[in-house]
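Some notes on the structure that comes next.
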Amino acid sequence: MSDQPRRPRKPGKPYRRPQKDPVRILAFEALRAVDERDAYANLVLPPLLRKAREKGDFDARDAALATELVYGTLRRQGTYDAIIADCVDRPLREVDPPVLDVLGLGVHQLLGTRIPSHAAVSATVELARVVLGDGRAKFVNAVLRKVARDDLDGWLARVAPPYDEDPEDHLAVVHSHPRWVVSALWDSLGGGRSGIEELLAADNERPEVTLVARPGRSTTGELLGEEAAVPGRWSPYAVRLSEGGEPGAVEAVRENRAGVQDEGSQLVALALANAPLDGPDRRWLDGCAGPGGKAALLGALAAERGAFLLASEKQPHRAGLVAKALDGNPGPYQVIAADGTRPAWRPGGFDRVLVDVPCTGLGALRRRPEARWRRRPEDLDGFAPLQRGLLRSALDAVRVGGVVGYATCSPHLAETRAVVDDVLKQVPGTELLDARPLLPGVPELGEGPDVQLWPHLHGTDAMYLALIRRTA
């Protein structure tokens, strides 16, 4: 041991170890996974919450706060980035992504929740000390104190361009959507300011959890016996869980007799199942079946009529999810891993065919808010050949007198009407059916014959459906 005396500490505040806040640390971890691994929050967050509950760190209120912090930060990322950019002296691209994630969490607490400003700042700075270190925590503290000087409306007045000067950029900043997405959605709606503002606002709301009672296996009456359950709006098989309802606590869901499924998806399956046919009704095909929600409902409906369902999915792991969703179906079915553009079935062998094609997912931004920041306009060019190829294969698979349903969870015109119009020009012996009567009671379905659902009008994902009969 050295004989030298210890040097006295410099005067000042003693070092204090940062306090770990499990809720905010978990929210930060989820955001990092979304950013670093291109993960989706709805896939990342549940296992993190489950692990935290198993360790005893979390109760229901903690889980609710962590969920709000993650989804709120992702939904409002564009707005918050504009505000943060006004408070720093460098381009945002020069700020480390983990620092931006911590700042986003802090700004959301300040401007998007009821957490008092002093608590939002102190809790976020403490988080920064734990995950970033003391030096960058000082930067976080300085930025958040600037943000805390005004409320959200005040900041929007400062950072969003006036509507009259640049309406698309104004809406992009105020409602936190990329400008190109605002433009595409506006085109799909057909213009008008009120409609686009309502739609963009609806994209930023937390969607309800909707269950489907699979026919012959469960009933809405059974599901309505659950706490916080209320009837669906449009589908006869839908039950909504009010805020706080947990699908995993529902016995019918655990037993696979019911599932979680947006009401828009239910309506698409029901419309195809109820479309008028010429001739027999014995063989159905779901040509893009993963992850299995529509296939499970179609399988149950087919079983009631003694029909057979073939569910095909290109990716083997997703085909496994389809098999799990259909497990226990009372009627005959088969699940295969096959490419719908290179069919493993004979032409003209099916009476009803559904193709819910891969797409940009712009219709499900309520559920996957991070998708809006990942997608680019050029992605449309990548999906276009696949969407057209799947629809052509579906039309080859259906017999004369049978019906094809072309569906996609995107309202972008390049993925909806443009695809249908192009393919029908190339494939003779086809006709569009009016899909609107097959969604009874659903208002504001437009001029037809196809159908576009909307979050702000119907409370569903923005599902698109065109029904096509093979006439020759």
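Rolling a 1.4 Å probe across the protein heavy atoms gives region 115-159 an accessible surface of 50 Å² per residue. Applying 1/(1 + (r/R0)^6) with R0 = 35 Å to the Cβ-Cβ distance of D381 and H317 gives a FRET efficiency near 0.85.
Note that region 434-450 has calculated 3J(HN,Hα) couplings of 6, 7, 4, x, 8, 10, x, x, 7, x, 6, 9, x, 8, x, x, 7 Hz, one per residue in order, obtained from phi through the Karplus relation 6.51 cos²θ - 1.76 cosθ + 1.60 (θ = phi - 60°); glycine and proline are x. For region 69-76, the Karplus equation 6.51 cos²θ - 1.76 cosθ + 1.60, evaluated at θ = phi - 60°, returns couplings of 5, 5, 5, x, 5, 5, 5, 9 Hz by residue, with Gly and Pro reported as x. In order along region 380-395, the Karplus-derived 3J(HN,Hα) couplings, from 6.51 cos²θ - 1.76 cosθ + 1.60 at θ = phi - 60°, round to 4, 5, x, 7, 3, x, 5, 4, 5, x, 5, 5, 4, 5, 5, 5 Hz, and Gly and Pro are given as x. Computed over the alpha carbons of the chain, Rg followed by Dmax gives 25.4, 101 Å.
Apply the a/c threshold of 1.5 to the C-alpha gyration tensor of region 373-472 and tell me whether it is rounded, prolate or oblate.
Judged from the Cα gyration tensor, region 373-472 comes out oblate (a/c at least 1.5, b/c at or above a/b).
Lysine pair count for the chain with Cα-Cα distance under 26 Å and sequence separation of 8 or more or different chains is 12.
Here the chain exposes an accessible surface that is 49 percent carbon and sulfur, computed with a 1.4 Å probe and the other protein chains kept in place. Protection proxy ranking for 340-349, 417-426, using the average of other Cβ atoms within 10 Å per residue and placing the highest first: 417-426, 340-349.
As a rough guide to protection, the peptides 183-195, 443-455 ranked by mean Cβ packing within 10 Å, highest first, stand as 443-455, 183-195. Sorting 400-413, 224-237 by average packing, meaning the other beta carbons within 10 Å per residue, from highest down gives 400-413, 224-237.
When only Cα pairs below 8 angstrom with a gap of at least 6 residues are kept, the chain shows a relative contact order of 12 percent. Overall form of region 111-249: oblate. Here a/c, set by the Cα gyration tensor axes a ≥ b ≥ c, is 1.5 or more, and a/b is not larger than b/c.
The values are calculated or read from the model by the stated rules, or taken from the named source; none is laboratory data. Remember, predicted model here, so these are calculated numbers, not experimental data. For neighbour counting, all protein chains shown are included, and Cβ atoms are generated from backbone atoms with ideal geometry for every residue, glycine included. For the accessible areas, the whole protein counts, side chains as well, though only heavy atoms, and no ligand, DNA or RNA atoms are used. Shrake-Rupley method; radii C 1.70, N 1.55, O 1.52, S 1.80 Å.
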